[in-house]
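Colleague: Pasting in a structure now, in structure tokens, and then I'll have a few things to ask.
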Amino acid sequence: MERFPFGAAILGEVLSIFPYLKSLHFLPFDISWMSLRLDNFIAVGVLFTLCFAALAFGAVEFWSISLVKLLTAILVLLWGLKIIIDRHLTLTIPPSTWPLIGFLVLGLAQSIGFTGKDGQLYSLSQDVEATRSTVAILATIQILFLLAANSFANRERLRVIVGFLTFFGFALSVFALLQYFTWNGKFYWIRTPLSGLGSPFGPFANHNHFAGFMELLIGLPLALIVARAIRLEERVFYGFLAAVMGITILFSLSRGGMFSLLVELLFIAVFSRQLRQQKSCPTAAVFGRSMIILVVMVAILVGTLWIGADPIVNRVTGNTQDSLTTSRVWVWKDALSVFKSYPIAGAGLGAFQTVYPQRSGYDGSLGFVAQAHNDYLQVLADGGMIGAVLALWFIWVVLRDVVRGIRAQDPLIAGMALGSGAGIVGLLTHSLLDFNLQLPSNAMMFLLLCAIASFCSQKAFEQEIAVELSPGPRLNAPTFTAGVSG
């Protein structure tokens, strides 16, 4: 358990200024009831922000990411008000927070620039303004991550949230299919895409990003079914919702999405063997899990054939030489060239689009290249070896949380850990071919799954300690606690 006594003392002094707020005689009511309301409102606000980012074209435009920042600022203010009312702060810090903070510190260091006597700007970043903008977005996403980790740290609330995310994924899938079959060249049938390039699907300008977003959600209902964390009738219903999401991944025509979906199904099938409640009868458990995965796959295939599989077949069997070898592999090689030019701290977060033409041997046939189309190479190019170490640290911590959470005795906790792990692994797989984590909406949902995995890991750890040391001390998640007596 990590403590910060000096910070707690400072915060305690600050909070001691406000104790009279709970005993203001001129108020005709007691404001202590507001704490729970604010807590619920913050949780709803985080979900609303995540859903808004996805519906607002992935929050890639200036107006949409600005609204995301504004909503996040409002949630932080509400959280601060709750602290004042409670006169007590308990801050849960998931282990994966620290490498994220490392990325933020790296970006801030890259953002520092000064003008020399020759009038030239000197900095670690090759595009200081782009890096500063990226750091602002990264800070916003990290704040939402911490708000989610603290607001969702409740078993029953998290159960409702997972159900909501499942329904949201289903609703988004239905909308995407309707728009796909009635496509008039406009998002929501009213807004023309800003660029004629790309292949829109759902609310996303790039079909790969829609597939990536669905990959994050489809694992949750499937894992709850496999873990038997829900009733039989709910399993059938959740299976239907998951099948619809799987169908839309296929119809998005994202080959990376199709491959990642298979990886997710394989992940659930393999790691569900770690579920403790199914170890009493391993043979029956393996058969049951296999049948569930098989039924879902058959449902996806039948639904796809019923709607019409010709576009998918053409996409899978079509010539991939132009799209992969000529473009992406070319960009990947040039991204490595950027890394070789700036091996320690990288070219700067968000600076890839600026430095790429300078360090690339491309002939201009690819047009404007803003991303490396591989999140791992993007980290190398933007953050150098420092960024690579931080990324590996983050992935290791998150996967450790997933594995530990899957071993929880509580079927719901284990199922949520398995589902979040499937989504995380699915997107990490897709990141080999695309840049989903460069999209604010997908990055936010990815970190939400990381927060869920962290919560499940802690609950599993508490259960292990309770069994091994009971009666004995109870170990909690890393917290930062400051309190002020009345």
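The values are calculated or read from the model by the stated rules, or taken from the named source; none is laboratory data. Keep in mind that what you see is a predicted model, and the values were worked out from it rather than measured. Neighbour counts run over all protein chains shown; Cβ positions are idealised from the backbone, glycine included.
Colleague: Mind listing whichever residues of segment 407-433 are touching a Ser or Thr at 6+ places or on another chain (Cβ under 8 Å) and either surrounded by 24 or more Cβ atoms within 10 Å (Cβ to Cβ) or of a type outside the set (Val, Ile, Thr) (or both)?
Modeller: Within segment 407-433, Ala417, Leu418, Gly426, Leu427, His430 meet the criteria.
Colleague: Let me ask something else. Looking at segment 57-83, which of the residues that are out of contact with any helix residue (DSSP H, G or I) (no Cβ under 9 Å at 6 or more places or on another chain) and among the aromatic types (Phe, Trp, Tyr) is farthest from Ser133 (Cα to Cα)?
Modeller: Of everything passing the filter in segment 57-83, Trp63 is farthest from Ser133 (Cα to Cα).
Colleague: Among what's in segment 168-193 and is in a loop (DSSP other than H, G, I, E, B) and surrounded by 12 or more Cβ atoms within 10 Å (Cβ to Cβ), pick the residue that is modelled with the lowest pLDDT. Write out each step before concluding.
Modeller: Going residue by residue through segment 168-193, those that are in a loop (DSSP other than H, G, I, E, B) are 182-186, 188-190, 192-193.
Cutting the leftovers down to surrounded by 12 or more Cβ atoms within 10 Å (Cβ to Cβ) gives us 183, 186, 193.
Numbers: Trp183: 91, Lys186: 90, Pro193: 82.
This residue is Pro193.
Colleague: Then there is this: Considering only residues that are β-branched (Val, Ile, Thr) and crowded, with 16+ Cβ neighbours inside 10 Å, which ones fall in segment 88-112?
Modeller: Result: Thr92, Ile93, Thr97.
Colleague: Further, regarding this structure: Can you list residue pairs whose Cβ atoms sit under 6 Å apart, with the first residue in segment 394-422 being of a type in the set (Phe, Trp, Tyr) and the second being assigned to a helix (DSSP H, G or I)? Count only pairs 6 or more apart in sequence or on different chains.
Modeller: Phe394/Pro99
Colleague: Quick check, is Ala54 at pLDDT 95 or above, assigned to a helix (DSSP H, G or I) and not hydroxyl-bearing (Ser, Thr, Tyr)?
Modeller: Spelling it out, Ala54 is indeed at pLDDT 95 or above, assigned to a helix (DSSP H, G or I) and not hydroxyl-bearing (Ser, Thr, Tyr).
Colleague: If Thr326 satisfies all but one of (1) more than 27 Å from the chain's Cα centre (by Cα); (2) modelled with pLDDT of 75 or more; (3) β-branched (Val, Ile, Thr), what's the number of the condition it fails?
Modeller: Only one criterion is unmet by Thr326, namely (2).
Colleague: Follow-up question, since we're still on this one. Every residue in segment 390-418 that is small (Gly, Ala, Ser) and within 13 Å of Phe271 (Cα to Cα), please.
Modeller: Applying the first criterion (small (Gly, Ala, Ser)) to segment 390-418 yields 391, 405, 408, 414-415, 417.
Result: Gly405, Ala408, Ala414, Gly415, Ala417.
Colleague: Same structure, new question: Just checking, which of Ala153, Ala136 is closer than 30 Å to Phe41 by Cβ and in a loop (DSSP other than H, G, I, E, B)?
Modeller: Ala153
Colleague: Taking the criterion of being assigned to a helix (DSSP H, G or I) and of a type in the set (Phe, Trp, Tyr), would at least one residue in segment 421-441 satisfy it?
Modeller: No; the residues of segment 421-441 include none that is assigned to a helix (DSSP H, G or I) and of a type in the set (Phe, Trp, Tyr).
Colleague: I'd like the full set of residues that are hydrophobic (A, V, I, L, M, F, W, C) and crowded, with 24+ Cβ neighbours inside 10 Å, limited to segment 451-464.
Modeller: Answer for segment 451-464, where residues must be hydrophobic (A, V, I, L, M, F, W, C) and crowded, with 24+ Cβ neighbours inside 10 Å: Ala451, Ile452, Ala453, Phe455, Cys456.
Colleague: Go through segment 144-167 and give me each residue that's touching a helix residue (DSSP H, G or I) at 6+ places or on another chain (Cβ under 8 Å) and surrounded by fewer than 18 Cβ atoms within 10 Å (Cβ to Cβ).
Modeller: Selection gives Arg155, Arg157, Arg159, Phe164, Phe167.
Colleague: If Ile268 passes every condition in (1) at pLDDT below 90; (2) crowded, with 17+ Cβ neighbours inside 10 Å but one, which one does it miss?
Modeller: Going through (1) at pLDDT below 90; (2) crowded, with 17+ Cβ neighbours inside 10 Å one by one, Ile268 breaks only (1).
Colleague: Go through (1) in a loop (DSSP other than H, G, I, E, B); (2) within 20 Å of the chain's Cα centre (by Cα) for Gln409 and report which single condition fails.
Modeller: Result: Gln409 fails condition (2) only.
Colleague: Restricting attention to segment 360-396, and to residues there that are among the charged types (D, E, K, R) and either modelled with pLDDT under 85 or more than 14 Å from Lys333 (Cα to Cα) (or both), which single residue is surrounded by the most Cβ atoms within 10 Å (Cβ to Cβ)?
Modeller: Asp382
Colleague: Shifting gears a bit: Looking at Leu100, is it in a helix (DSSP H, G or I), touching a residue at least 60 places away in the same chain (Cβ under 8 Å) and within 30 Å of Ile230 (Cβ to Cβ)?
Modeller: Criteria not met by Leu100.
Colleague: Okay, moving on. Under 7 Å by Cβ, and 6 or more places apart or on different chains, what pairs join a residue from segment 325-350 that is farther than 11 Å from Gln126 by Cβ with one that is charged (D, E, K, R) and in a helix (DSSP H, G or I)?
Modeller: Every condition considered, the pairs that remain are Asp334/Arg359; Ser337/Arg359.
Colleague: Looking at (1) of a type in the set (A, V, I, L, M); (2) within 30 Å of Leu104 (Cβ to Cβ); (3) at pLDDT below 75, find the lone condition where Ala351 falls short.
Modeller: Just one mismatch for Ala351, condition (3).
Colleague: If you don't mind, there's one more thing I want to ask. For Phe480, all conditions in the list (1) aromatic (Phe, Trp, Tyr); (2) modelled with pLDDT of 95 or more; (3) under 20 Å from Val46 (Cβ atoms) hold save one; what is the number of the exception?
Modeller: (2)
Colleague: What's the number of the only condition in (1) assigned to a helix (DSSP H, G or I); (2) surrounded by 21 or more Cβ atoms within 10 Å (Cβ to Cβ) that Ser125 fails to meet?
Modeller: (1)
Colleague: Yes or no: segment 218-232 includes at least one residue that is aliphatic (A, V, I, L, M), assigned to a helix (DSSP H, G or I), touching a residue at least 24 places away in the same chain (Cβ under 8 Å) and surrounded by fewer than 24 Cβ atoms within 10 Å (Cβ to Cβ).
Modeller: Narrowing segment 218-232 to residues aliphatic (A, V, I, L, M): 218, 220, 222-227, 229-230, 232.
When the remaining residues are screened for being assigned to a helix (DSSP H, G or I), the result is 218, 220, 222-226, 232.
Narrowing further to those that are touching a residue at least 24 places away in the same chain (Cβ under 8 Å): 218, 220, 222-226.
Then keep just the ones that are surrounded by fewer than 24 Cβ atoms within 10 Å (Cβ to Cβ); that gives none.
Within segment 218-232, none of the residues are aliphatic (A, V, I, L, M), assigned to a helix (DSSP H, G or I), touching a residue at least 24 places away in the same chain (Cβ under 8 Å) and surrounded by fewer than 24 Cβ atoms within 10 Å (Cβ to Cβ).
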